[in-house]
Amino acid sequence: MGRFYGTIAFMQENKLVKPPKQKARLKDVFILQAVFILFSMSHIAIKITSEALHAFDSIFEAIFSVRFIIPFAAALFILAVYALIWQQVIKRFDLSIAYANKATTLLWSIVWGFFIFNEEINPAKIIGALIVCVGVIIMNSEAVA
Amino acid sequence: MNIYILISLTAVTIASFSQVILKKSSGKKYGSKIREYLNPMVITGYGLMFVSLVFSMIAFSGLEFTNVPLLESVGYIIIMVLGYLFFKEKITLRKLAGMAIILSGIFVYYQ
């Protein structure tokens, strides 16, 4: 058996047969989701930043305040880490499938909105976000199956 | 057509092309990890994303807040088409079904 697979590997290396398309694993789907949870966190930082802008009389005063600088730096940091991981993760997925996962940020925006900004949750939002999740799972099943 | 809708759709299209460039770059072999990120394609990709952000901001100024994410969801469709054109990604029935469900979920969310 070992020899058999060795032969296939040899043929693949020498392009005698087409190597199988690399399938994503379940682990990769979790990484993909984690990267968009991270991305949705940048929205938290951006929202705090914009609130800081409104809290001061002048823009100039605002952008040199700790209230602005810390969340602004956090947003940049989060987006930089997101970009680093994204570049790795899109190697393993069809772009259309990887990008569709972004839609789950709707769900996370409800979670952050509720727990961090005390925003109200309405049923339409929850139902909509859950429908989106079903769609994303169907998309991902194409990549992992 | 409302000019702001057009600007928003332009932003989405630019962002979609930036993803294509990033994906193109991710498929290449580079000498070092740093080169994987600091190369003309990745820099162009993120540059375009910045341009798209500026367009989005302009669009925000003329559209109701909730309309912008709705317009941005057009990006999922554009990227599926670009994936087919540039990477020969198959548009399967399952992908279309997933996409239709995602889009309907987004409409329910913002209704």
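The values are calculated or read from the model by the stated rules, or taken from the named source; none is laboratory data. All values derive from a computational prediction rather than experimental measurement. Cβ placement follows ideal geometry from the backbone for every residue including glycine, while neighbour counts extend to all protein chains displayed. Heads up: the accessible areas ignore ligands, DNA and RNA and are worked out on the full protein's heavy atoms, side chains in. Shrake-Rupley method; radii C 1.70, N 1.55, O 1.52, S 1.80 Å.
Once you've got the Cα coordinates, tell me which of A:27/B:88; A:27/B:28; A:23/B:28; A:102/B:95; A:47/B:24 are over 21 Å apart. Walk me through the numbers on the way to the answer.
Numbers: A:27/B:88 25 Å; A:27/B:28 23 Å; A:23/B:28 18 Å; A:102/B:95 15 Å; A:47/B:24 32 Å.
A:27/B:88; A:27/B:28; A:47/B:24, as the Cα separations exceed 21 Å there.
For residue A:131, the solvent-accessible surface with a 1.4 Å probe is about 50 Å², rounded to the nearest 10. With Cα atoms as the point set, the radius of gyration and Dmax of the protein assembly as shown evaluate to 20.4, 76 Å. Think of each Lys and Arg Cβ as +1 and each Asp and Glu Cβ as -1; about the Cα centre, that makes the dipole of the protein assembly as shown roughly 1660 debye. Think of the range A:22-143 as a dipole: +1 on every Lys or Arg Cβ, -1 on every Asp or Glu Cβ, centred on the Cα centre; then among A:39, A:49, A:95, A:95 lies furthest on the positive end. Heavy-atom accessible area for residue B:28, with the other protein chains in place and a 1.4 Å probe, reaches approximately 110 Å². Note on B:57-65: average number of Cβ atoms from other chains within 10 Å of each residue's Cβ is 0. When only DSSP loop residues count, what chymotrypsin sites (Phe, Trp or Tyr not before Pro) in the range B:5-111 have their Cβ near at most 12 other Cβ atoms within 10 Å? Within the range B:5-111, the qualifying chymotrypsin sites (Phe, Trp or Tyr not before Pro) (loop, at most 12 other Cβ atoms within 10 Å) are B:65. Hydrophobic long helices, here whole DSSP H runs in chain B with Kyte-Doolittle means of at least 0.0 and Cα atoms spread over 30 Å or more along the helix axis, are found at B:3-26, B:40-62.
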